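**Student:** Sharing a structure here in structure tokens format.
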Amino acid sequence: MAIFQDDGTVAAKAIQIAAQQAGKPYVWGAGGPDAFDCSGLVHYAYSLAGLPGAGAPTAHRWVTASISLMGDKVQYGQEQPGDLVMPTAGHVGIVIGNGQMWDAATTGVPVQVHKYGKPYTIRRLATPSNNSATGGTPGVTTAGNPIDALSSIGDAIKSFDNALKWLVQGHNWIRIGQVFSGAALLYLATKVD
């Protein structure tokens, strides 16, 4: 379920904030404002843009494992500016349109625009306020059908498997706390009152 409804303002502002980071260096684990990794850039941009529950911009509580489960899944070709695109299970960027995204890719490559092909997943944090993407009634969330539920379970299992592979790499142990805080953020963001 999307975290909140947006008339496009938050998504547009997140893109603008990501663009303002152009040229800053990639540093693994960095959440800005002087350097970023991929999830750090996404979190920083959406925090400053005003995404509810995102936390402080430099807290960097999001990791790609938790991002892959946030919001609503979007089919390739249906993405909109501001959606989060994961070209692989371990990388994320912010869609700007025409198969391009803002991202912090890897060591030696500064924050910049990159092209992406058919990705691992695309996630939408905000539902358009008119629900034009889903054709629903504004403010109403409907339950998915059993096929969607099975697909979501499959996606969760793949994400969990990728997270486990990520965790067993020695240099990633320092991020275990971030994974748990990301999972808590996901839970809180999707909790229905």
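The values are calculated or read from the model by the stated rules, or taken from the named source; none is laboratory data. From a predicted model like this one, the values you see are computed outputs, not experimental measurements. All Cβ positions, even for glycine, are placed from backbone atoms using ideal geometry, and neighbour counts span all protein chains on display.
**Student:** Go through the stretch 77-90 and give me each residue that's without any contact (Cβ under 8 Å) to a residue 40 or more places away in the chain and either of a type in the set (A, V, I, L, M) or under 17 Å from Tyr46 (Cβ atoms) (or both).
**Tutor:** Val85, Met86 - these are the residues of the stretch 77-90 that are without any contact (Cβ under 8 Å) to a residue 40 or more places away in the chain and either of a type in the set (A, V, I, L, M) or under 17 Å from Tyr46 (Cβ atoms) (or both).
**Student:** Filter the stretch 7-21 down to the residues that are surrounded by fewer than 20 Cβ atoms within 10 Å (Cβ to Cβ) and not hydrophobic (A, V, I, L, M, F, W, C), then identify the one that is farthest from Pro52 (Cα to Cα).
**Tutor:** So, considering only residues that are surrounded by fewer than 20 Cβ atoms within 10 Å (Cβ to Cβ) and not hydrophobic (A, V, I, L, M, F, W, C), the one farthest from Pro52 (Cα to Cα) is Gln20.
**Student:** When Met101 is evaluated against the numbered criteria (1) touching a Phe, Trp or Tyr at 6+ places or on another chain (Cβ under 7 Å); (2) in contact (Cβ under 8 Å) with a residue 24 or more places away in the chain, which criterion, by number, is the only one it fails?
**Tutor:** (2)
**Student:** When the residues of the stretch 32-67 are narrowed to those that are in contact with a Leu (Cβ under 9 Å, 6 or more places away or on another chain), over 18 Å from Gln20 (Cβ atoms) and crowded, with 19+ Cβ neighbours inside 10 Å, which ends up modelled with the lowest pLDDT?
**Tutor:** If we take residues in the stretch 32-67 being in contact with a Leu (Cβ under 9 Å, 6 or more places away or on another chain), over 18 Å from Gln20 (Cβ atoms) and crowded, with 19+ Cβ neighbours inside 10 Å, then Arg61 is modelled with the lowest pLDDT.
**Student:** When the stretch 26-63 is examined, which residues are found to be part of a loop (DSSP other than H, G, I, E, B) and in contact with a Pro (Cβ under 9 Å, 6 or more places away or on another chain)?
**Tutor:** Across the stretch 26-63, the qualifying residues are Gly32, Pro33, Asp34, Ala35, Pro57, Thr58.
**Student:** On to the next question. Given the structure, is Gly93 without any contact (Cβ under 8 Å) to a residue 40 or more places away in the chain and under 14 Å from Pro119 (Cβ atoms)?
**Tutor:** Against the criterion (without any contact (Cβ under 8 Å) to a residue 40 or more places away in the chain and under 14 Å from Pro119 (Cβ atoms)), Gly93 does not qualify.
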